[in-house]
Each structure stands twice: as C-alpha cells, then as structure tokens.
Amino acid sequence: MIDHIKEFQLSKFEVSREVAEWKWFFSGLAKGFHAELTMRLEVPRAPLQNHPALIAERKNKPIDWKLVTETSKALPPQYRMWRSLLKAKTVRQVQRLCRESRFWADHIDHIEKARISFNLGRLDELAKPWLAALNEKRFPKSNRPSSQTKQIDFLARAMAGASKGLTARYANEKFSKK
C-alpha cells in the first residue's frame, strides 16, 4: 500500500514538473524568454604537487569554494511562431513550424538554448495531440490578451498529458489546480 502512495506522489510530482516545463516554453514563445541567472560552486584547481609534504598540507587545508554566476541575454518573444502554432490545422504545419524554429534556436546565445531546442523537438513529435488540444471544446479560443495565459495553461497541461498518453480533456481535468 505504501509503495502505491509513493508511486502516485512521484508521478504527481513528475507531472507537475512536466506542466511547468511546458508552461515555461509556451510563455517564452508568446511573451519572450527572460534573462536567466545561474549559479554554481566551483573548487579552484590546486597546482599540481607531488611532494608528500605538500600533498599532506593540502589535505589539511579547508576547501575554498568559489561562487560562479552566469547571466544569459533575454530573448524576444517568437510571437509570429506562437500565433502560427495556434492557427495550425495539420500535423505537417506544426512540424514545419517546429523545424523552422529549431533553426532559430540553434543560433541563439542563451543558457537555455538546449532546453528550447529539446522542447521544440518534443512538440514536433506531439503534433497530433497539439492539434487535438487546439480543437478541444474547452480550449480558450479568444484572441484577447487576457486569454493568452489561459491558453498557455491549457496547452501545457494537454502536452504534459500527451507525453503520458492522455487526451487533452482528461489531462486538463486531472492536472488543473482546482
């Protein structure tokens, strides 16, 4: 019984991560990818020393950690591509848009370059569920700016569900925050 509870919590966590990843990607296409700051700790390389006394001395010293930060450039929205994806009617149109955008993603200078390309590839593979989500009765079809966030949320849940083999409607019912 406990194993089933852990498994359910893990899958719920995985799904929420998946939904967050799709939201990040769709928001980036529609509104732009923000500049990102990454930090990591590094240990400075010690000089090469092979004398036994120097090696013993170095082992007794505390490690001097160095904080390294990197900031990426912000990327403007790919609004034309986002609108084209929302208007796509066939699988081929979605795949063509993803391939064109992957060319764009390969030439950007951004920390998340690989993540953007990876998500474009996943969307290319999930073109059929993407179109099913767009044609879903509950998909917000309005072009008002206030509907854009609702569209992003709906599609993020639908794509997270599609990667788990679920329909857009079931994924939106199952993964909504109600």
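The values are calculated or read from the model by the stated rules, or taken from the named source; none is laboratory data. Computed from a predicted structure; not experimentally measured. Positions of Cβ are generated from backbone atoms using ideal geometry, with glycine treated the same way; all protein chains shown enter the neighbour counts.
Worth pointing out:
- Count of residues meeting criterion [in contact with a helix residue (DSSP H, G or I) (Cβ under 6 Å, 6 or more places away or on another chain), without any contact (Cβ under 8 Å) to a residue 60 or more places away in the chain and surrounded by 15 or more Cβ atoms within 10 Å (Cβ to Cβ)] in segment 124-153: 10
- Residue check, K141 over 21 Å from the mean Cα position of the chain (by Cα) and modelled with pLDDT of 90 or more: no
- Within segment 59-80, not a single residue is part of a helix (DSSP H, G or I), touching a Phe, Trp or Tyr at 6+ places or on another chain (Cβ under 7 Å), at pLDDT 75 or above and surrounded by 11 or more Cβ atoms within 10 Å (Cβ to Cβ).
- Residue match in segment 154-161 (condition: touching a residue at least 12 places away in the same chain (Cβ under 8 Å) and surrounded by fewer than 20 Cβ atoms within 10 Å (Cβ to Cβ)): no
- Residue selected from segment 103-116 under the condition in a helix (DSSP H, G or I) and surrounded by 18 or more Cβ atoms within 10 Å (Cβ to Cβ), by the criterion modelled with the lowest pLDDT: A105
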